[in-house]
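Some notes on the structure that comes next.
The values are calculated or read from the model by the stated rules, or taken from the named source; none is laboratory data. This structure is a prediction, so every number in the text was calculated from the model and none was measured. We place every Cβ from the backbone using ideal geometry, glycine too, and count neighbours over all the protein chains shown. Note: areas computed on protein heavy atoms with side chains; ligands, DNA, RNA excluded. Shrake-Rupley method; radii C 1.70, N 1.55, O 1.52, S 1.80 Å.
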Amino acid sequence: PPLPRLAALPAPLRDAVLALAARHEGTGVVPSLYLHLAHWPAVPAALPAWLGPALDPAAIAVGRDAAVRLATQEADALRPALDLQGEVPGGHGPAVLAVLGRFTRQVIPAMVPVGMALARSLAPRR
């Protein structure tokens, strides 16, 4: 299904999504996973109980930093094989780099450990 708009969510659901996003300190972004999960209205409110310490802002920061470190190592290894040329049109290079940095060093890597914790919590027990 399409990604719900935050403003279109009922207030309690919107508040639950925003409370989850607030755990990602300093990004000012609502991770899209939380919006996708809003298709099942009880899920965003249940995530803190399901994931416990994995949703602690300090744990998110540790996981994010580890993901960035590993991704940087992989990117550095791939860089020689890439043909990186050109500039962003219109002199927008610094702004584009700032947005890319925000998402590649904060938002996306912070969601990797959250997504893994969620997958583990939902996996069938053997």
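Let's test the formula: R0 of 25 Å, r as the Cβ-Cβ distance of Ala58 and Val99. What FRET efficiency results, to the nearest 0.05?
On the way: r = 26 Å, r/R0 = 1.02.
Calculated value: 0.45.
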(request) Grab the Cα-Cα distance for Ala42 and Ala19, subtract it from 0.36 nm times how many residues apart they are, and report the gain in nm with one decimal. (result) 6.9 nm
(request) Kindly write out, for region 41-54 in residue order, the coupling ³J(HN,Hα) from the Karplus curve 6.51 cos²θ - 1.76 cosθ + 1.60 (θ = phi - 60°), rounded to whole Hz, with x marking Gly and Pro. (result) x, 6, 5, x, 5, 7, 3, x, 6, 5, 9, x, x, 5
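May I ask you to rank Met116, Met111 by accessible area, largest first, using a 1.4 Å probe over the protein chains only?
Working: Met116 105, Met111 30 Å².
Per-residue accessible area, sorted high to low, gives Met116, Met111.
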(request) Please compute the Cα-Cα pair-distance distribution of the chain with 10 Å bins starting at 0, giving whole percents from short to long. (result) 11, 35, 31, 17, 5, 0
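Quote to one decimal, in nm, the extra length available between Arg79 and Ala119 on full extension: 0.36 nm per residue of separation minus the C-alpha distance between them. Present the calculation step by step, with values, prior to reporting the outcome.
Details: separation 40, 0.36 × 40 = 14.40 nm, distance 3.09 nm.
The span from Arg79 to Ala119 would gain 11.3 nm if fully extended.
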(request) Read phi for every residue in region 17-32 and hand back ³J(HN,Hα) as whole Hz from Karplus 6.51 cos²θ - 1.76 cosθ + 1.60, θ = phi - 60°, with x for Gly and Pro. (result) 5, 5, 5, 5, 4, 5, 5, 9, 4, x, 8, x, 10, 8, x, 4
(message) Could you work out [θ]222 nm for the chain from helices alone, using -39500 (n - 2.57) per DSSP H run of at least four and dividing by all its residues? Round to the nearest 500 deg cm²/dmol.
(response) -18500 deg cm²/dmol
(request) Step through the residues of region 65-76 one at a time and calculate ³J(HN,Hα) from phi using the Karplus curve (6.51 cos²θ - 1.76 cosθ + 1.60, θ = phi - 60°), rounding each to whole Hz and writing x for Gly and Pro. (result) 5, 5, 5, 5, 4, 5, 5, 5, 4, 5, 5, 4
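Find the accessible area per residue for region 6-46; the probe is 1.4 Å, ligands and nucleic acids are left out, and the unit is Å². Before the final figure, lay out each step's value.
Values: 2060 Å² over 41 residues.
About 50 Å² of surface per residue is accessible.
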(message) Multiplying the sequence separation of Leu3 and Arg69 by 0.36 nm and subtracting their Cα-Cα distance, what value in nm do you get?
(response) 20.8 nm
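If you roll a 1.4 angstrom probe over the protein chains with everything in place, what fraction of the accessible area of the chain belongs to carbon and sulfur, to the nearest %?
Working: 5450 of 8400 Å².
Exposed carbon and sulfur together represent 65 percent of the surface.
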